[in-house]
1. From the set of residues in the range 425-458 that are closer than 16 Å to D387 by Cβ and in a helix (DSSP H, G or I), which is modelled with the highest pLDDT?
2. I'd like the full set of residues that are crowded, with 20+ Cβ neighbours inside 10 Å and of a type in the set (D, E, K, R), limited to the range 391-400.
3. State yes or no: is K338 part of a helix (DSSP H, G or I), within 30 Å of A427 (Cα to Cα) and modelled with pLDDT under 95?
4. Filter the range 379-390 down to the residues that are surrounded by 20 or more Cβ atoms within 10 Å (Cβ to Cβ) and part of a helix (DSSP H, G or I), then identify the one that is modelled with the lowest pLDDT.
5. State yes or no: is R344 touching a Pro at 6+ places or on another chain (Cβ under 8 Å), among the charged types (D, E, K, R) and more than 21 Å from D200 (Cβ to Cβ)?
6. Checking D200 against (1) under 26 Å from D324 (Cα atoms); (2) in contact (Cβ under 8 Å) with a residue 24 or more places away in the chain; (3) part of a helix (DSSP H, G or I), only one condition comes out false. Which one?
7. What do you reckon, is Y41 touching a Lys or Arg at 6+ places or on another chain (Cβ under 6 Å), closer than 24 Å to T104 by Cα and modelled with pLDDT of 95 or more?
8. Can you tell me which of (1) buried (at least 17 other Cβ atoms within 10 Å of the Cβ); (2) farther than 23 Å from W263 by Cα; (3) within 22 Å of the chain's Cα centre (by Cα) is the one A159 doesn't meet?
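The values are calculated or read from the model by the stated rules, or taken from the named source; none is laboratory data. All of these numbers come straight from a predicted model, not from anything done at the bench. So basically every Cβ, Gly included, is an ideal-geometry build from the backbone, and we count neighbours across all protein chains shown.
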Amino acid sequence: MKKLFAILLVCVTSFNAFSQANEQDINALSIFSEYVKAKNYDAAFQPWMELRERSPKFNSAIYVYGERILKHKIKNSSADEKVTFINDLLKLWQEKRENFPSKTPLGDILAKSAQLEYDYKKELGVSNLDIYTSFEKAYDQDLNSFNNPKNLYTYFQLAVKLYDNKEKTASELFTKYDEISEKVENEIKNYTNKVNKFIDSADQEITLSAKDQRRMKSYNSFLKAYDQISKGMEKALGDRGNCDNLIPLYQNSFDANQNDAKWLDRAMNRLFNKDCSQSELFVKIVQQKNILEPSATTAYYLGTIKDKEGNSSEALQYYNQAIDLESDSYEKAKILFKIATSFRKNGSFSRARSYYTQALSFNPSMGRAYLAIAKMYSDSAKNCGTDNFSQRAVYWLASKEAMKASRVDGTLKKAAIKSSNNYEAKAPQKSEIFSSGREGEIIKISCWINKSVKVPSL
């Protein structure tokens, strides 16, 4: 009985101690949380630090709010004190990973840490190679969660700097370019597929709940960021990635890599994207890749080769083969867009429009397809009307297509609206409509366009 009483006494005492400790932690969390919400980070620092040291597993808010507190301290400190806070933030992320691993993806935390080192490399005394190695660790250990746009761009910038400083070879630079580009493209695909769930057609009004509107805004924000990264990487690479540099590099490496499907794939994509497809090397790589591992991409490239040879019928066969081979909707849309663009450049506008339209059926948020159609209408205005008025009426069609782009593609919204307005300005104005007496008239646009447009009412 005495033993049982002793056990109960220990339990009660432990429970009371736990309750008191828990209450203390709750109070500390409440205090510094309110300070953080009020952006009074200096006042929040002491109670936050005490809770962090006393009960690091108590609540993940310790790390969420702690990041804000330490970033404030870093920003508003100087010299040695700044370095102390920078190192403490790096330590905080490690602690979060240890105490709340499910809320702390490894790749994300490693990339954030590398970015912090980059932002304060002077204060920390770390080299570009050191920081690059930190990013590489994130890339190698958890690529899935290494997806912050800024972090990815910094990673590539460092690769360029190391190449310029002769710390990385040209082969290493282009490989890293391909790796990061593939990662960015996968993220674009991911967010595009999310956006497409809310889009059926550009001709329909999109009605979304407040929650879905927030989601769409977030998705488009990421898409815009990744699009900027792609453009930024191209700019950063600059002339380092021109044909004069690429062709000798891939020529010298071909024999050693001719049975490496990934190497062949990246080489032909790089040569094509940098307008090096006229080279014999491009043809050789595409043919070898097609022997080793036929794909929609190789079929498309074989089509472009036949196009350049003047063999349009055989080119079309390869283009259709590329479409048949691709099963993924997003990738199929990309192939269709490329085929459409090939026809557009050759002046085959009707066929180009058909393929752009097919691309939109697989990726309804592909605003650039609508803009391409709009541009073809605009370019054909003088050839597709019976008089000056009907010729200029074509611009209403162009404006309509551009406006469709603005409705489905958040990354192009501003540019698409601007294009739409520019086309509208080239169409007959109100005074001309009034003097012509053609208000409300249905105008048949001839030639390849073969569409009708209604003259706006005044």
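1. K426
2. Correct list: K400 only.
3. Details: part of a helix (DSSP H, G or I): yes; within 30 Å of A427 (Cα to Cα): yes; modelled with pLDDT under 95: yes.
For K338, the condition - part of a helix (DSSP H, G or I), within 30 Å of A427 (Cα to Cα) and modelled with pLDDT under 95 - is met.
4. Residue satisfying both the conditions and the ranking: S390.
5. Values: touching a Pro at 6+ places or on another chain (Cβ under 8 Å): no; among the charged types (D, E, K, R): yes; more than 21 Å from D200 (Cβ to Cβ): yes.
Taking the combined requirement at face value, the residue does not satisfy it.
6. Checking D200 against (1) under 26 Å from D324 (Cα atoms); (2) in contact (Cβ under 8 Å) with a residue 24 or more places away in the chain; (3) part of a helix (DSSP H, G or I), the one that fails is (3).
7. Numbers: touching a Lys or Arg at 6+ places or on another chain (Cβ under 6 Å): no; closer than 24 Å to T104 by Cα: yes; modelled with pLDDT of 95 or more: yes.
No, not satisfied.
8. (2)
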